[in-house]
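Note sheet for the following structure.
The values are calculated or read from the model by the stated rules, or taken from the named source; none is laboratory data. The model shown is predicted, which means the values in this text are computed figures rather than measured ones. Neighbour counts are summed over all protein chains in view; Cβ atoms, including those assigned to glycine, are modelled from backbone coordinates with ideal geometry. Keep in mind that these areas ignore ligands, DNA and RNA; they rest on the heavy atoms of the full protein, side chains included. Shrake-Rupley method; radii C 1.70, N 1.55, O 1.52, S 1.80 Å.
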Amino acid sequence: TIDMKTKTFISAITLMATLMACENSSTQTELVTIDVESNYPEKELTLQDFVDVEYVPLETNDEFINKGWVKAVGKNLLAIVNGGGDGDIFLYDRITGKGIRKINRKGQGGEEYTQITQMVLDEEQNEMFIVDYPRQKIMVYNLEGKYLRNFSFDENSYYTFVYAYDKKHLIVYKDYYAQPEKSCHALISKQDGKTVREICLPYKELESIRYTGMHEKYGEIVAVPAHYLTVPANREWYLASVSSDTIYRHLPDGSEQPYMVRTPSIHSMDPEVFLFPKMMTEQYDFLICITKKMKENFSFPSYDLIYDKLEKSIHTCIIRNADFEGNNVALWESSLSPEIASYRILYAHELVEAYENDKLKGRLKEIASTLDEEDNPVIMLMRQKAN
């Protein structure tokens, strides 16, 4: 049996070797260490201090009625769905919120999707990519809804965390359910889905975030908590693996650099506490810790942390919206694109009530003054500040 001191020594050697292997022409940043067992102090932040905020009031008419779930954001367009089950895609003007068109290609045919799991907009090429998780395919249409082509996931895999990487490629996470040791990030062709490059993060032992256990009412169940393995931010990407103690930066030159390491090691914990990047901004890194122990309501214990890059300090946090008095901002959605750090749905009835109680300011107050309680939501986009 290896004692704790030996384990620590081995971990240190492994980390040093990783750092040496990943050195490149880019400036090596100091490795950030996060103790997932520490009780960090709380910090209060104002949303507008670290992101630029856009409010998009979604037009409401007989054809455009929806729940405001944002699937993709382009330079000029917002793609909205009702969860993906009914197949409806609502394209809105990103600035004005005016409805442009409604598309539905749901079905069982070869040119149709069965579910809208994820979406990517490519306005320059007039294309949108629909990730159809059940069929293990990516369906490609133009922005008018005309079918163009499709390509399949790699055999025995599912693609998650799908984003536009550049003009020719998507970045995906390949989750190989039969061979989890093969799971990795990858760049694939937008044209035919062929893998251009696999990005395999090193790890010591294989871990799984999949939870199998007994439930008092339903017996043995299998569940997977929501987690984040790919986070874009401006021109960089932050990549994680459930089996690795290290979060990596994928740099513009295509190289990977260790950025953040968690302690204690995921391999030494029972139950495991996973650390994932959630939203990365110029000053703050937003992280989530998830414990692999399901509660009776089918949720998993979790808590958020932030790393302040200027102060080099770690905190839990409360985020206030300067435009909405008494409204705390929960970062329950990860980044939508390198430009859009996150989003939040503001429901019309809540805004109407806040307006009547004089709790709104600026553009949000102006929008709320025109709303009816039954209108579509207002989408709050959190845009990365320019470097």
How far is it, in nm, from the label point at His349 to the one at Lys98 when both lie 7 Å from their Cα along the line to the Cβ?
3.0
Running a GNM on the chain with Cα contacts under 10 Å, which residue among Ile171, Ile100, Ile209 ends up with the highest mean-square fluctuation?
Ile100
Give the long-range amide H neighbours of Thr281: residues separated by 5 or more places, or on another chain, with amide H under 5 Å away, using H modelled in the peptide plane at 1.01 Å from N.
Phe286
For the range 221-343, compute Rh as the Kirkwood radius over C-alpha pairs and then the Stokes-Einstein diffusion coefficient at 25 °C and 0.890 mPa s; write the answer in µm²/s, rounded to an integer.
157
Using a probe of 1.4 angstrom, how much of the accessible area of the chain is carbon and sulfur, in percent?
48
Starting at 0 and stepping by 20 Å, how many percent of the alpha carbon pairs of the chain end up in each bin?
25, 58, 17, 0
In degrees from 0 to 90, rounded to the nearest 10, what is the angle of the helix 4-21 Cα long axis to the longest principal axis of the chain?
60
The long-range amide H neighbours of Leu77, using H built 1.01 Å from N in the peptide plane and a cut-off of under 5 Å, are Arg94
Between Lys43, Lys137, Lys278, where does the largest GNM mean-square fluctuation fall for the chain, given springs only between Cα atoms within less than 10 Å?
Lys43
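Can you pull out the chymotrypsin sites (Phe, Trp or Tyr not before Pro) in the range 295-387 whose DSSP state is coil and whose Cβ has at most 16 other Cβ atoms within 10 Å? Each step should come with its number before you reach the end.
Details: sites: Phe298, Tyr303, Tyr307, Phe324, Trp332, Tyr343, Tyr347, Tyr355; in loops: Phe298, Trp332, Tyr347.
Loop-located and lightly packed - Phe298, Trp332, Tyr347.
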Label-point gap, in nm, between Tyr177 and Gln125 - each point 7 angstrom along Cα→Cβ:
2.8
Charge dipole (the chain, unit charges on Cβ, about Cα centre) - positive-most of Tyr92, Leu346, Ile221:
Ile221
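222 nm [θ] for the chain, helices only, -39500 (n - 2.57) per DSSP H run of 4+, per residue, to 500? Display every interim value, and only then the final one.
Working: 3 runs with 34 residues, N = 387.
Counting only the DSSP helices, I get -2500 deg cm²/dmol.
Per residue, how many Å² of accessible area does the range 21-159 show with a 1.4 Å probe?
Values: 6530 Å² over 139 residues.
So the range 21-159 comes to 47 Å² accessible per residue, rounded to a whole number.
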Can you pull the one-decimal nm distance between simple spin-label points at Asp308 and Glu296, each 7 Å off the Cα toward Cβ?
4.0
Quick one: what are the phi-derived ³J(HN,Hα) couplings along the range 363-377, Karplus 6.51/-1.76/1.60 with θ = phi - 60°, whole Hz, x for glycine and proline?
4, 5, 5, 4, 5, 4, 5, 9, 8, 10, 4, 8, 5, 4, x
Phi angles of the range 64-71, converted by Karplus (6.51 cos²θ - 1.76 cosθ + 1.60, θ = phi - 60°) into ³J(HN,Hα) in whole Hz with x for Gly and Pro, give 9, 10, 7, 8, x, 7, 7, 9
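If you place +1 on the Cβ of every Lys and Arg, -1 on the Cβ of every Asp and Glu, and leave all else neutral, what size is the dipole of the chain about its Cα centre, to the nearest 20 Debye? Don't jump to the answer; show the numbers that get you there.
On the way: 43 positive and 60 negative charges, 188 e Å.
Here the size comes out at about 900 debye.
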Using the Kirkwood formula over every pair of different C-alpha atoms, what hydrodynamic radius in Å results for the range 118-228?
15.6
Please report, in debye to the nearest 20, how large the charge dipole of the range 256-387 is about its Cα centre when each Lys and Arg carries +1 at its beta carbon and each Asp and Glu carries -1 there.
640
Compute, for Thr212, the solvent-accessible surface of its heavy atoms (probe 1.4 Å) with the complete set of protein chains present, and express it in square angstrom to the nearest 10.
80
Need one number: % antiparallel among DSSP beta bridges in the chain, to the nearest 5.
90
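Cα-Cα over 22 Å: which of Lys174/Lys204; Lys217/Lys293; Lys168/Lys194; Lys217/Lys292; Lys71/Lys295; Lys75/Lys98?
Working: Lys174/Lys204 19 Å; Lys217/Lys293 16 Å; Lys168/Lys194 11 Å; Lys217/Lys292 19 Å; Lys71/Lys295 29 Å; Lys75/Lys98 15 Å.
Violating the 22 Å Cα-Cα cut-off are Lys71/Lys295.
For an R0 of 41 angstrom, estimate the FRET efficiency from the Cβ-Cβ distance between Ser152 and Leu31 and round to the nearest 0.05. The partial results should precede the final answer.
On the way: r = 38 Å, r/R0 = 0.94.
Once the sixth-power term is evaluated, E becomes 0.60.
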Would you mind working out the magnitude of the charge dipole of the range 111-221 relative to its Cα centre, with +1 at each Lys and Arg C-beta and -1 at each Asp and Glu C-beta, to the nearest 20 Debye?
180
With the alpha-carbon atoms as the only input, what is the per residue convex hull volume for the range 162-284 in Å³?
139
Cβ-Cβ cut-off under 14 Å around Tyr203, Lys and Arg +1, Asp and Glu -1: the net charge is -3
Using a cut-off of 26 Å between alpha-carbon atoms, which lysines can reach Lys312, once sequence neighbours fewer than 8 places away in the same chain are excluded?
Lys43, Lys278, Lys385
